[in-house]
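Novice: My questions will all concern the structure given below.
Here, each number is a calculation from the coordinates, and none is a lab measurement. All of these numbers come straight from a predicted model, not from anything done at the bench. Here Cβ is always computed from backbone atoms with ideal geometry, including for glycine, and neighbour counts include all displayed protein chains.
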């Protein structure tokens, strides 16, 4: 019996010593996790870029109801279809709002742009005259667009599209041709243009500062607009104008 008790005591002491030698488990230290970039929120920004496109004038006609006019005989005379290329710098500001769901970013953005673009052309209407000179100047334009994008952390790739509105100054000048005595008349008016825009872009967030930079392309197409101009007493001009343009621009946004 004494031998059995001694053996039990020895085994117990050995087990305690062995357990004391085992490493003690402790939970691994937590590694700080950097939060994913969040695109949600309202933002304001500025932009600048370059635009180019075509200004087309169709269905041109001039009507003279004044027998005393030297420009061309009484009646209606058709003018030529005119197509002009234009380009220039643009600049403006934008405001928008994003809502992020996972990697999907949904948003809406509105912008307004000042424009330095114009086009003009001169053609002979018919053998009886008159000579037609047309010109157009895009004063400003604005877009209201939806945006759908995919976020790779602080890099957002998106498509965009919506409504486009612009304000253009349209002018026409009618000149007589020999043997009619030299004479001319001109007039201009402002027209509001409406159409659509489509495009795509990339925006990159700068750390967690709220600032981001973007680059985008837009195509803008204004629907045909009928223009009637009272050139002088008894002299009216009519035409349809079409304007479409391509835009590349860069911008800076601040999200808050």
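Novice: What distance in nm lies between label points placed 7 Å from Cα along the C-beta direction at residue 59 and residue 194?
Specialist: About 1.7 nm, to one decimal.
Novice: Please report 246, 133, 99 as a ranked list, fewest other C-beta atoms within 10 angstrom at the top and most at the bottom.
Specialist: Details: 246 15, 133 18, 99 12.
Fewest to most other Cβ atoms nearby, the residues stand as 99, 246, 133.
Novice: Still on this model: Which residues in region 210-233 place their backbone N less than 12 Å from a point set 7 Å from the Cα of residue 183 along the Cα-to-Cβ direction?
Specialist: Under cut-off, by backbone N: 232-233.
Novice: What ranking of 150, 37 emerges when the number of other C-beta atoms within 10 Å of each C-beta is taken as an exposure proxy, fewest first?
Specialist: Working: 150 13, 37 17.
Sorted ascending by nearby Cβ count, the order is 150, 37.
Novice: For region 196-240 and region 44-71, what is the centre-to-centre distance using only Cα atoms, to the nearest Å?
Specialist: Value for the Cα centre distance between the two parts: 16 Å.
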